[in-house]
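Worksheet: one structure, shown below.
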């Protein structure tokens, strides 16, 4: 009995010694991590924002990933290229296929975007920067995104819940309550197997609209807007720059926390109208003009300038 008590007492002492030594290990690790962080290059990650910064959904990344479905051995489908090259969206789509628009250089900066939106007057649709007032024009959209500014008006309804009678909708989306990014993704897989190239091209344009040109928090497209994708050969009839710009302005009315519309336009427009950074070397004459700008450089320049926004006179 006495021997058992002595064994227990000895075991407790050993455990106490171990418990006193163990806490030193996580503290040392924590200190090591801190030192590693401090020794890192102070090149800031464009995605790192504080908790108060509004994060926006718009990004080229999902669309670039979507296009990879139609690439074999690093070559985009020639059948789709032939069809899409006759649409007004081809300069933008081709720039994504060729890697001229890419996730590294053309990722959005929430920091820069929120800073610019603080200077936006939703009554006049102008940016008030210093002593200068300026607005995004339809021609700016043409230059930045390569979309036509002439042609028939595009009708956009507010509701996304009304069906249309177009063949593309009847064939692939008749049972859908809304046409969303994920639904188009799945339908494109099915259509690709059947090699119905015109239908696939229509879905690529629809996904471009959902993710880049007319994005919203639900990642859905109205039935009316989707109906334009039914016949890709007729897309060139319309003034797409005008409607993209109009939708952006509408989305900023009331200064919502999470506006829709093509917010990337704001970033690339500021790059065009300011001299805060230079175009990427070797890309100065690229079109659409967004290709020549590196968004990470804008992010760093604004940080370095202490948020000193300026427009060229």
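The values are calculated or read from the model by the stated rules, or taken from the named source; none is laboratory data. Not measured: the values here are computed from a predicted model. Neighbour counts are summed over all protein chains in view; Cβ atoms, including those assigned to glycine, are modelled from backbone coordinates with ideal geometry.
I'd like the full set of residues that are within 20 Å of residue 135 (Cα to Cα) and either touching a strand residue (DSSP E or B) at 6+ places or on another chain (Cβ under 8 Å) or without any contact (Cβ under 8 Å) to a residue 12 or more places away in the chain (or both), limited to region 304-313.
First, the residues of region 304-313 that are within 20 Å of residue 135 (Cα to Cα): 307-313.
Within region 304-313, 308, 309, 310, 311, 313 qualify.
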Within region 181-194, residues being surrounded by 19 or more Cβ atoms within 10 Å (Cβ to Cβ) and out of contact with any helix residue (DSSP H, G or I) (no Cβ under 8 Å at 6 or more places or on another chain) number 1
Quick count over region 210-251, residues being closer than 24 Å to residue 61 by Cβ, touching a strand residue (DSSP E or B) at 6+ places or on another chain (Cβ under 6 Å) and either touching a residue at least 40 places away in the same chain (Cβ under 8 Å) or surrounded by fewer than 21 Cβ atoms within 10 Å (Cβ to Cβ) (or both), is 4
Among (1) modelled with pLDDT under 90; (2) farther than 25 Å from residue 242 by Cα, residue 156 falls short only on (2)
Any chance residue 131 is closer than 19 Å to residue 261 by Cβ and free of Cβ contacts under 8 Å to residues at least 24 places away in the same chain:
no
Being outside any helix (DSSP H, G or I) and over 15 Å from the mean Cα position of the chain (by Cα) narrows 215, 256 down to just 256
Just to be sure I understand, how many residues within region 95-126 are buried (at least 18 other Cβ atoms within 10 Å of the Cβ) and free of Cβ contacts under 8 Å to residues at least 60 places away in the same chain?
2
Does residue 136 qualify as being modelled with pLDDT of 85 or more and buried (at least 17 other Cβ atoms within 10 Å of the Cβ)?
yes
Exactly one condition in (1) crowded, with 21+ Cβ neighbours inside 10 Å; (2) over 23 Å from the mean Cα position of the chain (by Cα); (3) in contact (Cβ under 8 Å) with a residue 40 or more places away in the chain; (4) over 22 Å from residue 244 (Cβ atoms) is false for residue 168; which is it?
(4)
Six or more apart or on different chains, Cβ under 9 Å: which pairs go from a residue in region 184-196 that's at positive phi and at pLDDT below 85 to one that's surrounded by fewer than 17 Cβ atoms within 10 Å (Cβ to Cβ) and assigned to a helix (DSSP H, G or I)? Could you list them?
195/79
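Considering each residue of region 260-303, count those that are outside any helix (DSSP H, G or I) and either in contact with a strand residue (DSSP E or B) (Cβ under 9 Å, 6 or more places away or on another chain) or at positive phi (or both), and give that number. Working first, answer last.
Filtering region 260-303 for residues outside any helix (DSSP H, G or I) gives 260-263, 274-288, 293-294.
Narrowing further to those that are either in contact with a strand residue (DSSP E or B) (Cβ under 9 Å, 6 or more places away or on another chain) or at positive phi (or both): 261, 274, 282.
Total satisfying the criteria: 3.
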Matching residues in region 73-113 - criterion: being in a loop (DSSP other than H, G, I, E, B), more than 20 Å from residue 296 (Cα to Cα) and touching a helix residue (DSSP H, G or I) at 6+ places or on another chain (Cβ under 9 Å):
77, 85, 86, 87, 88, 89
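Pick out the one residue from 269, 197 that is touching a helix residue (DSSP H, G or I) at 6+ places or on another chain (Cβ under 7 Å) and over 30 Å from residue 124 (Cα atoms).
Working: 269 fails: over 30 Å from residue 124 (Cα atoms).
From the options 269, 197, the qualifying one is 197.
Quick check: is even one residue across region 60-72 in contact with a helix residue (DSSP H, G or I) (Cβ under 8 Å, 6 or more places away or on another chain), free of Cβ contacts under 8 Å to residues at least 40 places away in the same chain and loosely packed, with under 13 Cβ neighbours inside 10 Å? Before you say what the answer is, go through the steps one by one.
Filtering region 60-72 for residues in contact with a helix residue (DSSP H, G or I) (Cβ under 8 Å, 6 or more places away or on another chain) gives 60, 62-64, 66-67, 69-71.
Within this subset, residues satisfying the condition of being free of Cβ contacts under 8 Å to residues at least 40 places away in the same chain are 64, 71.
Now restrict to residues that are loosely packed, with under 13 Cβ neighbours inside 10 Å: 71.
The answer is yes; a qualifying residue exists.
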